[in-house]
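The values are calculated or read from the model by the stated rules, or taken from the named source; none is laboratory data. Bear in mind the structure is a predicted one, so any value in this text is a computation, not a measurement. Positions of Cβ are generated from backbone atoms using ideal geometry, with glycine treated the same way; all protein chains shown enter the neighbour counts.
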Ligand SMILES: Cc1ncc(C[n+]2csc(CCOP(=O)(O)OP(=O)(O)O)c2C)c(N)n1
Ligand SMILES: [Mg+2]
């Protein structure tokens, strides 16, 4: 296999899942012959037939509600919401049923289903096409929430999401659809479902991020390295379950932490991460935990999205505020001495 | 798809202009409607016994709220013909998607009444096993269950089973978007599902006239290409006949069916509601004379199918049932706070494990 884009990796994951398990079904808006507006389901109807990959009438609550009934009936639906903001009509179904069915039935009914949502911005999309809606789902008990940052992860996380016994909100960073790994998704390389990945090791500070934030954080880390600051980058991969262990051990090592998210900051996932780090790493911290986020504004028009999106510079500005001069930590000093 | 507006197709989907009826309010048979077979005598007697029991259960449940044994109870008194006909029209391997109002139907389906009342007792789960009983959890977010019913019907169809799914819904619920999405999906997928609207004239306090401008709720089917019917929901014979026809239509692969039953909610919305704030006592009295149970009883007696002994034995069975329920509900339900963490996911997350441990430390801390 040759190198793949994230879009191709997702397509391959769906294809392999459809092939391996006849209970898996793919449906949504335009996912049939068209292959989805982002072509993630390209060719699936041709290969597996209209019975396995099909277009539904336009109604998002209907798509998710239908998936609930079909999962109750023994299938494993993988449905697509066309865009982040167009998943909102389905929110009642997600919050009241998808998230709660196992609990409401004391474990007698489970809903092994996946709701795929292309999300976030950076592609010059018009209004209602660029929302970072992950916090709504993360805040809802009973949902697993996943967001890949690499094609390899996209493949394996989607495969894992489809076999998971619980419902998974699978959030696909649109702007990474066309990003490539060096190699094709091969054997399972990355950490398991529920574990974060350290994308870059470093000793001076930890950048904790996910989804669309990962490449930006890596870019910032490269730039910082030029200035002699060695940043570690943690990619959460799954927001629920949350991997406290990996985050905590990284921050205890580096003593500094910046949380990076593309979403608007107020009451976002980054706020939760900052709180958790502060609660668990207080005595290892040499500086306050900082957040780098989008602004608390409705997603701006294409011409202005660069002003909104956190970029490497905004991250580096935050790193500058990590009080390296005021409170040099022992590790840092020891390393500089050697 | 071609446009199918020829008169015959449209007429074939439209409901009768007046609700289908077999038995008048005074219990006498009317000219039988065409196209709907009369249910067998044995089935009518069975329906009668179940209605007597259902009404007794309902009265007992309301009494249990007064004794603090139930947190809340939405009564279906006056709707027993609908509750029982819905269950009798289904086979055991068919599925039923009920609302909070449909406890009598669940009891009639054979589910342990204590299990049926679990949620209303204030517990966090539905009580019974939906997979084993083929009854979905009683649904409170209005109309959301109708689309699940379509999904399940579609699942049955795909698995080659000839099961049918019946979704119960109230008149108010038909205004919710999910109901319309469900009708549309069912029609497009040709799913074996029956939508059963119990039009009891109120959504809490809001009367039907404020809910819709449709000639009848049954007309909501035509826009989706669904065959629809309206029936006198206080006439057990008619309701059972129409629902049986609807279920067989779906089972035969002819697609979904919408049935509207005209009935009346005799009690308040729940024990916590005060219906005198929004309806006149005269209106309730008028419906008292249309009582579904009295009507069926008169009808069966007039036809010589039921005598005083049969009536007495039905009531005796109902009393026994109620007394067993009373006893069972007197026992404090056992609730395990730790179980609250067990069914959020198949495997609790590390965070849930931590929170469970926190609760344990709170619960086992010595009191000071
Ligand atoms: C989505 C939603 N909105 C509001 C409510 C609150 N509510 C509970 S029952 C009810 C009235 C429903 O009336 P109807 O559908 O006619 O059923 P009935 O109670 O008469 O059986 C309302 C408004 C709810 N349960 N779900
Ligand atoms: Mg009503």
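Data table
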{"quantity": "Scope region B:6-30; condition touching a residue at least 12 places away in the same chain (Cβ under 8 Å) and part of a helix (DSSP H, G or I); matching residues", "calculated": "B:10, B:12, B:13"}
{"quantity": "Out of A:17, A:9, sole residue that is assigned by TED's automatic domain parsing to the domain that holds residue A:178, buried (at least 22 other Cβ atoms within 10 Å of the Cβ), at pLDDT 95 or above and outside any loop (DSSP other than H, G, I, E, B)", "calculated": "A:9"}
{"quantity": "Residue within region A:30-48 that is over 26 Å from residue A:179 (Cα atoms), assigned by TED's automatic domain parsing to the domain that holds residue A:167 and surrounded by fewer than 24 Cβ atoms within 10 Å (Cβ to Cβ) present", "calculated": "yes"}
{"quantity": "Matching strands (runs of 3 or more DSSP E) fully within region A:172-251 where at least 3 residues are within 17 Å of residue A:316 (Cα to Cα) and more than 14 Å from chain B (Cβ to nearest Cβ)", "calculated": "A:205-209, A:231-235"}
{"quantity": "Of all residues in region B:334-368 being more than 13 Å from chain A (Cβ to nearest Cβ) and in contact (Cβ under 8 Å) with a residue 24 or more places away in the chain, the one that is surrounded by the fewest Cβ atoms within 10 Å (Cβ to Cβ)", "calculated": "B:363"}
{"quantity": "Inter-residue pairs, beta-carbon under 7 Å, first within 14 Å of chain A (Cβ to nearest Cβ) and closer than 22 Å to residue B:256 by Cα and in region B:207-232, second away from ligand 1 (no atom under 14 Å from the Cβ) and in a strand (DSSP E or B), 6+ apart", "calculated": "B:226/B:257; B:226/B:258"}
{"quantity": "Pick from region B:110-148, criterion within 16 Å of ligand 1 (Cβ to nearest atom) and modelled with pLDDT under 95, ranking: nearest to the other protein chains (Cβ to nearest Cβ)", "calculated": "B:119"}
{"quantity": "Verdict on residue B:153 being assigned to a helix (DSSP H, G or I), over 13 Å from residue B:259 (Cβ atoms) and either within 15 Å of ligand 2 (Cβ to nearest atom) or away from chain A (no Cβ under 13 Å) (or both)", "calculated": "no"}
{"quantity": "Selection status of residue B:248, out of contact with any helix residue (DSSP H, G or I) (no Cβ under 9 Å at 6 or more places or on another chain) and away from ligand 2 (no atom under 16 Å from the Cβ)", "calculated": "yes"}
{"quantity": "Matching entry among B:151, B:177 (being away from ligand 1 (no atom under 16 Å from the Cβ) and either surrounded by fewer than 24 Cβ atoms within 10 Å (Cβ to Cβ) or closer than 21 Å to residue A:113 by Cα (or both))", "calculated": "B:151"}
{"quantity": "Breaking point among (1) buried (at least 24 other Cβ atoms within 10 Å of the Cβ); (2) more than 16 Å from ligand 1 (Cβ to nearest atom); (3) touching a residue at least 40 places away in the same chain (Cβ under 8 Å), for residue B:183", "calculated": "(2)"}
{"quantity": "Meets criteria (under 26 Å from the mean Cα position of the chain (by Cα), in the same structural domain as residue B:64 (by TED's automatic domain parsing) and modelled with pLDDT of 95 or more) for residue B:316", "calculated": "yes"}
{"quantity": "Selection from region B:251-298 of residues that are within 15 Å of residue B:235 (Cα to Cα) and out of contact with any helix residue (DSSP H, G or I) (no Cβ under 7 Å at 6 or more places or on another chain)", "calculated": "B:262, B:265, B:287, B:288, B:289, B:290, B:291, B:294, B:295, B:298"}
